[in-house]
Amino acid sequence: MASKVTKLTTHSPLALLRQIRDVMSQAASAQARLDDVVRIIADGFTSEVCSVYLLRAGDVLELYASRGLKATSVHLTRLSVGRGLVGTIAANAEALNLADASAHPMFEYRPETGEEIYSSFVGVTILQGGRVIGVLVVQGKQAHSYTQDQVEVLQTVAMVLSELAMSGQLVDAQEIKAVTGVLMAEQMAGTRLSAGIAKAPAVLHQPQLTITNYVATDTEHEKERFSLALQSLQDSFDRYIQTSGLSDGDEQREIIETYLLFTQDRGWLTRIDEAISSGLTAEAAVRKVQEELQAKMSQITNLYIKERIQDLEDLSTRLLHVLLGKPMTQSLSELPEAFILVARTLGPADLLDYDHKRIKGLILEEGSTSSHTAVIARAMDIPALARVEGATSVIQQGDMVIIDGDASNVYVRPSYTIEQAMDKHIEAAKRREAEYAVLRDVAAVTTDGVRISLNINAGLFVDTSSVLQEGVEGIGLYRTELPYMTSSSLPEVEVQQALYAQMYQEVPGKRIIFRSFDIGGDKKVPYLNAGDEENPAMGWRATRIGLDRPGILRKQFRALIGAASGQALHVMFPFIAQVSEFDAAKKLFLLEWELAQKAGNVMPVDLKIGVMVEIPSLMWQLPQLMSRVDFVSIGSNDLMQFLFACDRGAAHMADAYDTLSPVMLRVVRDIMIAANEHKVEVSFCGEMARRPLDAMALIGVGVRSVSVSASAIGPIKAMTRSLSAAQITEFMSFLIDSDEPSLRHRLAGFAQDHGIVV
């Protein structure tokens, strides 16, 4: 016969919380305070038992305090996560409310506790950062169900208890670190955006928030605070939509509008309201619901639901910043002299807000190699990784972090052994830099007298000292699209002209090759309203946009002509698939040139117009192309992905095809042959050119000019000055018709045998 089920009443939740708050503020030992807390809860629930279990190393829950169970069982009773009722709560991160505990299939009898005389059972998790760190249990002799309100009260109390549990006064601080997975040494993997190694303290783009007041004195006042904060957040979203000029179909606008809808999510709002009603402050209530969402994330596999929970979690973070009066980003004046920036996601404008001389690395939870932020990270020449799962949870403000962009690893709070090993790599890199510095005053000339022209890629940031060194001809690729990407509206002619003119001032006497903008496609800007594309990298971008909307391109041409008054002007057009597109772009440029002359402007003293070779269709138009251009630049990044139909932003395809494939090298050789026949200068830019071994192979197929990041100049010089151009050319002529997927190992062997510095 089923036992009779009755309902219990609980003392005022607010009164209960205030009693616990008073106990927590006492000067007594942590164990004494915990003992008092379980007594207060048992009395408040008019139940015979209240117990607290805390997680220990090895996924074991230890009974740390109890009112009602045998005193001798405290610190003796232990349950593995997943075993018994308490272990089940910890494993599932969910409350358990039972009228008859012994009837539950997961019930395990522990004779040392004397709990066989109790029937009713309710247990909730004690959470920290979405992780289970303990379980709070109430039990009674009579069979009765606990109301949802009572479960809510217990969850609220559990949140307050988490502060005591994490204090290190109950469980040793080092063990807490091991148990929770925070503050211990961590190694994390990601997707490389930019190579290099750096060690520095971490700075969180959105700083972690500390709540100091958990218990409300006036719940109605707290509800009003929450309502005002929510309204403030909604107003900020509305203002953004109204002032950004985004159209109805724009993806950015849709995201903001979705966030606005989430702020009206009834379930989310109800949970926060209930948490405040139970006696928490507005910020503590938001954090409580956020902790519950984080705990649920680990239990959910459905991607759509996971993303929706992430959005609600992000909203919670924004609300906490409003409630606590904290900015969403770090105060720039409070940043350390050197740091590694950590963020869930980051826009290009956000990254540019930081001093590029102080930021030493970038770690993102999201992002891809072709994102705007990745482009800027490479322009800043800092190691950067994306898709580092859980980075903002594991990494804390001020943690020592090592980012190894070469191996795509992050070391958080590294052990002494790891730090020593990585320090050796960093010191070796510094020694190499010192060796390269010796080469500053010499040109890049091979052992048999062939001079290699070195140039630097730039955009927004220019390492002036690198450009002005011997052997560097100038800036071989100035990415003019970066100002477009970081602006909410199309930059005016005057703004662009001032930026381009500044470049001439910074590197006087050096050649600058300006690439007309490469925006659109996978580099979306808010003012184009391009819509979604299935293959954005091959979509409406760069010169295609300029020809469809000539007003945009003509504005840039006008700015370039004005900026170059009295200087030589070199301009090249990107993303050309047909010679006719080059002709059309050149016609627009010459139209602006003619108008500037008629206006009596001071004109550039020389004009050279070139093209980026990055779409394979040009390989079948090389004679026609070379007869029209003054110079060409081979863009290996796009050329490689289009040649092999291999998305460079796809992590699982990152190593599918090697740049030192004979196919790729034959393409470069054929371009060089066609250019030489028409006496057209060729430069090579892209990731391939910055690696010494790859650059050696390029010299072997005829390349005599490369444009790379500033940090690659030294290694390329060292390689060139140890290389015989004749020998590598002969070796490449032997290798290039190979059907091997990669020549890398053969070229590495050649370099080793001939003492070439790679």
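The values are calculated or read from the model by the stated rules, or taken from the named source; none is laboratory data. What you are looking at is a predicted structure, and each value in this text was computed from that prediction instead of being measured. Using ideal geometry, Cβ is built from the backbone for each residue, glycine included, and neighbour counts are taken over all protein chains shown.
General observations
- Taking residues in the range 190-210 that are closer than 15 Å to Ile426 by Cα, and partners anywhere that are basic (Lys, Arg), the pairs with Cβ atoms closer than 7 Å and at least 6 places apart or on different chains are Ala198/Lys360; Ala200/Lys360.
- Subset of the range 383-395 [crowded, with 17+ Cβ neighbours inside 10 Å and either modelled with pLDDT under 85 or not in a loop (DSSP other than H, G, I, E, B) (or both)]: Ala384, Leu385, Ala386, Ala391, Thr392, Val394
- Counting only helices (runs of 4 or more DSSP H) that fall entirely inside the range 532-647 and contain at least 2 residues that are out of contact with any strand residue (DSSP E or B) (no Cβ under 9 Å at 6 or more places or on another chain) and closer than 21 Å to Tyr484 by Cβ, the qualifying elements are 543-548, 550-563, 579-598.
Let's see how each residue does on (1) loosely packed, with under 12 Cβ neighbours inside 10 Å; (2) not assigned by TED's automatic domain parsing to the domain that holds Gly471:
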position: Gly398; (1), (2): no, yes
position: Asn409; (1), (2): no, yes
position: His425; (1), (2): no, yes
position: Ala437; (1), (2): yes, yes
position: Thr446; (1), (2): no, no
position: Gly449; (1), (2): yes, no
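- If you go through the range 197-231 and pick out every residue that is part of a loop (DSSP other than H, G, I, E, B) and either at pLDDT below 85 or surrounded by 19 or more Cβ atoms within 10 Å (Cβ to Cβ) (or both), you end up with 12.
- Residue among Ala697, Ala675 that is at pLDDT 95 or above, out of contact with any strand residue (DSSP E or B) (no Cβ under 8 Å at 6 or more places or on another chain), in the same structural domain as Phe575 (by TED's automatic domain parsing) and crowded, with 18+ Cβ neighbours inside 10 Å: Ala697
- Verdict on Ser29 being touching a residue at least 40 places away in the same chain (Cβ under 8 Å) and surrounded by 17 or more Cβ atoms within 10 Å (Cβ to Cβ): no
- Condition check for Glu94: under 36 Å from the mean Cα position of the chain (by Cα) and surrounded by fewer than 18 Cβ atoms within 10 Å (Cβ to Cβ): yes
- Taken together, the residues in the range 676-698 that are assigned to a loop (DSSP other than H, G, I, E, B) and small (Gly, Ala, Ser) amount to 1.
- Residue list for the range 48-72, filter: of a type in the set (S, T, N, Q) and farther than 18 Å from Gly123 by Cα: Thr72
- The range 676-703: number of residues that are under 18 Å from Glu614 (Cα atoms) and charged (D, E, K, R): 4
- Subset of the range 346-363 [assigned to a strand (DSSP E or B) and either outside the structural domain of Asp406 (by TED's automatic domain parsing) or in contact (Cβ under 8 Å) with a residue 60 or more places away in the chain (or both)]: Lys360, Gly361, Leu362, Ile363
- When the range 51-81 is filtered for residues that are touching a residue at least 12 places away in the same chain (Cβ under 8 Å) and either out of contact with any strand residue (DSSP E or B) (no Cβ under 9 Å at 6 or more places or on another chain) or acidic (Asp, Glu) (or both), the ones remaining, listed by number, are Ala57, Asp59, Glu62, Lys70, Thr72.
- The set of residues in the range 699-741 being over 27 Å from Val375 (Cα atoms) and outside any helix (DSSP H, G or I) consists of Val701, Gly702, Ser722, Leu723, Ser724, Ile736, Asp737, Ser738, Asp739, Glu740, Pro741.
Yes/no per residue for (1) at pLDDT 95 or above; (2) of a type in the set (Phe, Trp, Tyr); (3) under 30 Å from Thr464 (Cα atoms); (4) buried (at least 22 other Cβ atoms within 10 Å of the Cβ):
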{"residue": "Lys510", "(1), (2), (3), (4)": "no, no, yes, no"}
{"residue": "Asp518", "(1), (2), (3), (4)": "no, no, yes, yes"}
{"residue": "Gly551", "(1), (2), (3), (4)": "no, no, no, no"}
{"residue": "Leu569", "(1), (2), (3), (4)": "yes, no, yes, yes"}
{"residue": "Ser580", "(1), (2), (3), (4)": "yes, no, no, no"}
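- Residue selection: Ala725 fails the criterion of being farther than 24 Å from Phe642 by Cα, surrounded by 19 or more Cβ atoms within 10 Å (Cβ to Cβ) and in contact with a strand residue (DSSP E or B) (Cβ under 8 Å, 6 or more places away or on another chain).
- Residues of the range 42-51 satisfying the condition of being surrounded by 23 or more Cβ atoms within 10 Å (Cβ to Cβ) and either basic (Lys, Arg) or closer than 15 Å to Leu63 by Cβ (or both): Val49, Cys50, Ser51
- Residue tally, condition acidic (Asp, Glu), more than 21 Å from Ala285 (Cα to Cα) and buried (at least 18 other Cβ atoms within 10 Å of the Cβ), over the range 115-174: 1
- Of the residues in the range 603-611, none is buried (at least 20 other Cβ atoms within 10 Å of the Cβ), among the β-branched types (Val, Ile, Thr) and in contact (Cβ under 8 Å) with a residue 40 or more places away in the chain.
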